[in-house]
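The values are calculated or read from the model by the stated rules, or taken from the named source; none is laboratory data. On a predicted model such as this, the values are computed, not experimentally measured, just so you know. FYI the Cβ positions are ideal-geometry reconstructions off the backbone, even for glycines, and counts take in every protein chain you see.
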Amino acid sequence: RKEVEQDPGPFNVPEGATVAFNCTYSNSASQSFFWYRQDCRKEPKLLMSVYSSGNEDGRFTAQLNRASQYISLLIRDSKLSDSATYLCVVNNGNFGNEKLTFGTGTRLTIIP
Amino acid sequence: DTAVSQTPKYLVTQMGNDKSIKCEQNLGHDTMYWYKQDSKKFLKIMFSYNNKELIINETVPNRFSPKSPDKAHLNLHINSLELGDSAVYFCASSQDTAGNYEQYFGPGTRLTVT
């Protein structure tokens with residue numbers, strides 16, 4: 001099983017729709033989780049951290065299910081500017097030697 | 001103001017050559033990283049430095065040698081370049097080594113080995 005696994009897509013979604021991505025991770029000891037966003041030919045940027053209690057930032061909602069070892073990202077009222085690759089990221093490693101493991105990303109295209 | 005900068009942005013070179021990529025961050029962060037993103041867009045960590053000290057060294061060929069002259073700079077030197085080294089190399093920095101800190105990425109260096 002891959003350390004971090006995502007459906008690569010592409011997801012082609014009409015503007016205004018709601019879209020959700022899931023991501024699974026293999027290391028049950030992982031402590032921190034994130035969604036990063038990467039635009040075409042650009043660097044990844046942090047979209048949001050994922051907390052155990054779930055968290056929301058505007059149109060974006062992230063959830064963590066530790067028992068099933070998956071993370072989700074929900075985007076409501078999608079905009080054209082949401083078109084990007086969404087990277088699921090898990091913090092693996094020991095204290096002082098922590099490293100981020102990136103999924104291969106889910107490509108999202110919002111269609112006008 | 002650029003937070004994490006890399007030079008060059010593009011690098012085209014022939015097999016067997018030696019090349020360097022430079023990275024600088026002006027965020028005052030203690031930790032810097034090198035990542036490789038291959039043609040399948042898979043982003044994988046190569047090295048991590050904290051206060052100029054190497055703390056993560058993933059399974060990377062010895063041809064790759066990072067150097068951190070100070071905590072604001074992390075350079076990557078590659079000897080005897082191979083076709084498989086073609087990729088985008090991203091430098092990143094974070095406040096500390098703890099995994100819950102946001103990592104800030106540079107714009108990437110697109111390396112093409114012919």
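Of the numbered conditions (1) of a type outside the set (Val, Ile, Thr); (2) closer than 26 Å to residue B:93 by Cα; (3) surrounded by fewer than 16 Cβ atoms within 10 Å (Cβ to Cβ), residue A:47 fails exactly one; give the number of that condition.
(3)
Restricting attention to strands (runs of 3 or more DSSP E) lying wholly within segment A:23-64, give those where 1 or more residues are at the interface with chain B (Cβ under 10 Å from one of its Cβ atoms) and within 15 Å of residue B:42 (Cα to Cα).
Counting at least 1 such residues, we get A:32-38, A:44-50.
Which residues, taken from segment B:76-95, are in contact with a strand residue (DSSP E or B) (Cβ under 6 Å, 6 or more places away or on another chain) and either surrounded by fewer than 17 Cβ atoms within 10 Å (Cβ to Cβ) or not in a strand (DSSP E or B) (or both)?
B:77, B:81, B:83, B:85, B:86
Contact list please: Cβ distance under 7 Å, first residue in segment B:83-98 and more than 30 Å from residue B:17 (Cα to Cα), second residue polar (S, T, N, Q), pairs at least six apart or on different chains.
Taking only residues 6 or more apart or on different chains, the pairs are B:94/B:31; B:94/B:103; B:96/B:31; B:97/B:31; B:97/B:50.
So residue A:2 fits all but one of (1) within 18 Å of residue B:40 (Cβ to Cβ); (2) more than 10 Å from the chain's Cα centre (by Cα); (3) outside any loop (DSSP other than H, G, I, E, B); what number is the exception?
Tallying (1) within 18 Å of residue B:40 (Cβ to Cβ); (2) more than 10 Å from the chain's Cα centre (by Cα); (3) outside any loop (DSSP other than H, G, I, E, B), residue A:2 fails exactly one: (3).
Residues are listed down the side, and each one gets a yes or a no for (1) farther than 16 Å from residue A:104 by Cβ; (2) small (Gly, Ala, Ser); (3) at pLDDT 95 or above:
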site: A:9; (1), (2), (3): no, yes, no
site: A:13; (1), (2), (3): yes, no, yes
site: A:21; (1), (2), (3): no, no, no
site: A:24; (1), (2), (3): no, no, yes
site: A:32; (1), (2), (3): yes, yes, no
site: A:44; (1), (2), (3): no, no, yes
site: A:55; (1), (2), (3): yes, no, no
